[in-house]
Amino acid sequence: MTPVNNKLHQYIEDAIHRHGENIYLKTTTAQYTYRNVYKLALEFQAILILNGIQKNDRVIIYSVKNAESIAMMIACSLCHCIYVPVSSQNPVQRIKYIIQETAPHFILCDDISKDVLKKTGLDFKLIITENKSNLFTASLTGKEYYPIDEAAFILFTSGSTGTPKGVIVSHKAAIAFINWAAEEFHINPNDTIASIAPFNFDLSVFDIYVTAKKSATLFLYTEEESKNALLIAQNIALEKITTVYATPTFYTALANYGKLHKYDYSSLKNVLFAGEIFHLPAFRELLLLWPGKYYVNLYGPTETNVCTFFKVLPENIHYPVFPIGKPCPFALTKIIDEHENEITENNTKGELIVAGESLFNGYWNDSEKTKASFIVDKNQTQYYKTGDIVYKNDENDYVYVIRKDRMIKKNGFRIEPSEIEKVMIAMDGISNASVLFSVETNQVICFIERMENTNEDLVTLKKFCLEYLPAYMVPDKFVFLDALPKTDSGKVDLQALKYLV
């Protein structure tokens, strides 16, 4: 009988009992068995206990992606405390904000990260940990406004205002997603999964724990390696990677710059994408290079992890954009109008709300935001308001339209930026586009990432837009960039674009 897990570290323990000598983690320079990683985790656990760790204490893990950082996460689960992964790519001020916001009891970091921490100007005490990662104790204090309920980790995401918000995820919520995903994508001990996402991004929950649940192997790419399309393209073939889970931006870069035609990808089975819209021209290019794979569009904000999914079959490539699909078995979903009444008719837009086992506990240190993010229906079920406008098509699949906070209202017209972006990306020579609205100038601004050796002029762009868009939707201004700025999760950084207007 398969044991029922209620803590994340139990996936590693179960893997040791079944396949302890299987390779759990690989990098371009090393590899570690499940037994190796668990031994590391026990050493970190001992260090934390020795220094007085308590249940529900926060531990920031500030390190490059490596075996030690995963061992630190497992150690936190063993200690019944909460880990907060922080990307090594974050600027100093963001790191400082997260530290001050979470008021961690400990910070685990590597030697390189130690020097960056000092630049925050915060007061830490360094504890020497016998040639392992540095352990800092922090004297900061924080407030907890509501029960944590067996929280496993806190992921900081960028809010619509640009201020990071801490999403509290329980063991129960993570496990609901992990167990479903492992079965849905038929992961087995012979599989190798690519770890593209940074550990502070919710895609990494799949990478770390679905791999462990099935005693498979996880190939860790550092955040710098993940940006190198040529290296990744070659390595996916060389390491016989079977599953990749990443953003459409990542796959678009692979298709454009990875020279995929040079390599054998017969081992690749699952191509999973999430985090943003995968525009059809870019997807078709990837499909030509990687035919016959299981392509799935996974949808869900960090607050729900994945809550709907759509299997991309050859017959539905005609969609303007892929639907986000139907609910996962553990999720309850509805569409509501602006008065919070349920919409049951197909092809009628409204806000998607989600309930179920994978739902987050709340926002760290922000009881008001937490309260405002939920509604309770007539059956006393608590739903999270995603802020995403969707509708159900005639096949009863949800179709994502836009974020509520991205809808543009100009001169009496409602404009959806995604419609303009879809048209721009369909133009030859444009690899990506993102649209913002400037309230100050009353202008719709389109930022364009051009492919090499492409030099469309403004007149050509305007004429192209007028062929597919009504005149009121044609951008007032075009800004050409070598590359659109990205967040550390690989999505287009809309906040950074505001500074380029």
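Assorted remarks:
- Subset tally (residues that are closer than 20 Å to LYS486 by Cα and either without any contact (Cβ under 8 Å) to a residue 12 or more places away in the chain or not in a loop (DSSP other than H, G, I, E, B) (or both)) for the stretch 63-96: 7
- Residue in the stretch 307-316 that is closer than 25 Å to PHE206 by Cβ, outside any strand (DSSP E or B) and at pLDDT 90 or above present: yes
- Condition met for HIS339 (closer than 22 Å to PRO248 by Cβ, out of contact with any strand residue (DSSP E or B) (no Cβ under 6 Å at 6 or more places or on another chain) and either surrounded by fewer than 16 Cβ atoms within 10 Å (Cβ to Cβ) or of a type in the set (Val, Ile, Thr) (or both)): no
- Beta carbons closer than 7 Å, at least 6 apart along the sequence or on distinct chains, pair a first residue in the stretch 479-496 that is among the acidic types (Asp, Glu) with a second that is surrounded by fewer than 19 Cβ atoms within 10 Å (Cβ to Cβ) and modelled with pLDDT under 85 for ASP488/GLN89; ASP493/LYS486.
- Test: residue in the stretch 187-203 that is open to solvent by 30 Å² or more (accessible area, probe 1.4 Å), not small (Gly, Ala, Ser) and not in a loop (DSSP other than H, G, I, E, B): no
- The residues of the stretch 228-264 that are open to solvent by 20 Å² or more (accessible area, probe 1.4 Å), assigned to a loop (DSSP other than H, G, I, E, B) and either closer than 22 Å to THR27 by Cβ or among the acidic types (Asp, Glu) (or both), listed by number, are ASN228, GLU239, LYS240, TYR263, ASP264.
- Between ASN36, ASN56, the distinction of being open to solvent by 10 Å² or more (accessible area, probe 1.4 Å), in a helix (DSSP H, G or I), in contact with a strand residue (DSSP E or B) (Cβ under 8 Å, 6 or more places away or on another chain) and of a type in the set (S, T, N, Q) belongs to ASN36 only.
- Inclusion of ILE16 among residues that are β-branched (Val, Ile, Thr) and either assigned to a loop (DSSP other than H, G, I, E, B) or surrounded by fewer than 21 Cβ atoms within 10 Å (Cβ to Cβ) (or both) is warranted.
- Unmet requirement for ASN432, which otherwise passes all of (1) more than 18 Å from GLY350 (Cβ to Cβ); (2) in contact (Cβ under 8 Å) with a residue 40 or more places away in the chain; (3) surrounded by fewer than 16 Cβ atoms within 10 Å (Cβ to Cβ): (3)
The values are calculated or read from the model by the stated rules, or taken from the named source; none is laboratory data. Predicted model, so just to flag it, every value in this text is computed and none were measured. Reconstructed Cβ throughout: ideal geometry from the backbone, glycine too, with neighbour counts over all protein chains shown. The protein model used for the area step is the full one, side chains on, heavy atoms only, and it has no ligands, DNA or RNA in it. Shrake-Rupley method; radii C 1.70, N 1.55, O 1.52, S 1.80 Å.
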